[in-house]
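None of the figures in this text is laboratory data; all of them are computed from the coordinates on show. Everything numeric here is computed off the predicted structure, so don't read it as measured data. In this analysis, Cβ positions are derived from the backbone assuming ideal geometry, glycine residues included, and neighbour counts consider all displayed protein chains.
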Amino acid sequence: MLIKIDPILNPDILYTLRSMGHGDRLVLCDSNFPAYSTNENVHRLDGVNISRAAQAILSVFPLDSFIPSPVQRMEIDGKPDEINEVHQELMDVVKEVSGSHWKVSSIERQKFYELANESFAVITTNETRPFGCFIFTKGVIKPDGNVWLLDS
């Protein structure tokens, strides 16, 4: 065990998160997402839903302030502006863990698959609610250990 590291973050996931650099993308997805056919670097977080997984990941993962939206959600087909329950929960977790200044944007499902294929890694959960898929872009940590914000 490690102090202040969420216990659901297993050694393989921690290694992957630590190996990522500024601008690398991480996919956090539901159980229906084709993770293994989309990316070679897949980790399973069985027994947890998207919001629980996001709480753990964002506790150690800096978001990227150099881009307009470091968090992207998969759009609901034909309803790009609709926010479902799993989207809202994730947005609430981002605000709670990382702060209220982060924008969560949407991305069309087929474009999401393309970006997932180019992402550093995929973490798949047991989330069963539809369109529960997100992309986080990794930011920069300053020498004092805080997340680099463009206005800081």
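Which one is right for this structure if P(r) over Cα pairs in 10 Å bins from 0, in percent is calculated from it: [x] 10, 35, 27, 16, 8, 2, 0; [y] 11, 44, 36, 7, 0; [z] 11, 35, 28, 20, 6?
It is the value labelled [y].
Order by neighbour count: Tyr36, Tyr113, fewest other Cβ atoms within 10 Å first, most last.
In order of increasing Cβ crowding within 10 Å: Tyr36, Tyr113.
So for each of 21-32, 78-89 I average, over its residues, the number of other beta carbons within 10 Å; can you give me the resulting order with the highest mean first?
Top to bottom by mean Cβ count within 10 Å: 21-32, 78-89.
Using the Cα centre of the chain as origin and beta-carbon charges of +1 (Lys, Arg) and -1 (Asp, Glu), tell me which of Ala116, Pro11, Gln72 is placed farthest towards the positive end of the dipole.
The residue sitting most towards the positive pole is Pro11.
Which of Ala54, Asn126, Leu2 sits closest to the plus end of the dipole of the chain, meaning its Cα is farthest towards the positive end, when Lys and Arg get +1 and Asp and Glu get -1 on the C-beta?
Going by the Cα projections, it comes out as Leu2.
So how strong a dipole does the chain carry about its Cα centre when Lys and Arg Cβ are +1 and Asp and Glu Cβ are -1, to the nearest 20 debye?
The calculated dipole for the chain is roughly 300 debye.
Please give every one of the aspartates and glutamates within straight-line cross-link reach of Lys138, meaning a C-alpha to C-alpha distance under 16 Å, and leave out same-chain neighbours fewer than 8 residues apart.
By straight Cα distance, Lys138 reaches Asp24, Asp64, Glu118.
What length, rounded to one decimal in nm, is gained on full extension from Arg18 through to Ser100, with 0.36 nm per residue of separation minus their alpha-carbon distance?
27.1 nm
For the pair Glu118 and Lys4, how long in nm is the line joining their label points, each one 7 Å along Cα→Cβ?
Output for this residue pair reads 3.5 nm.
Please find the FRET efficiency linking Phe66 to Asp92, where r is the Cβ-Cβ separation and R0 is fixed at 30 Å, and quote it to the nearest 0.05.
0.80
Would you compute, from DSSP H runs of 4+ residues alone, the mean residue ellipticity of the chain at 222 nm, taking -39500 (n - 2.57) per run and dividing by the full residue count, rounded to the nearest 500?
-8500 deg cm²/dmol
Among Phe136, Phe112, Phe66, which comes first, second and so on when ranked by fewest other beta-carbon atoms within 10 Å?
Phe66, Phe112, Phe136
Which whole-number percent gives the relative contact order of segment 1-139, counting Cα pairs below 8 Å spaced six or more residues apart?
Result for segment 1-139 is 47 percent.
Can you sort Leu63, Leu45 so the residue with the fewest Cβ neighbours within 10 Å comes first?
Leu45, Leu63
Quick check: residue separation of Asn146 and Gln110 times 0.36 nm, minus the Cα distance between them. What number comes out in nm?
9.5 nm
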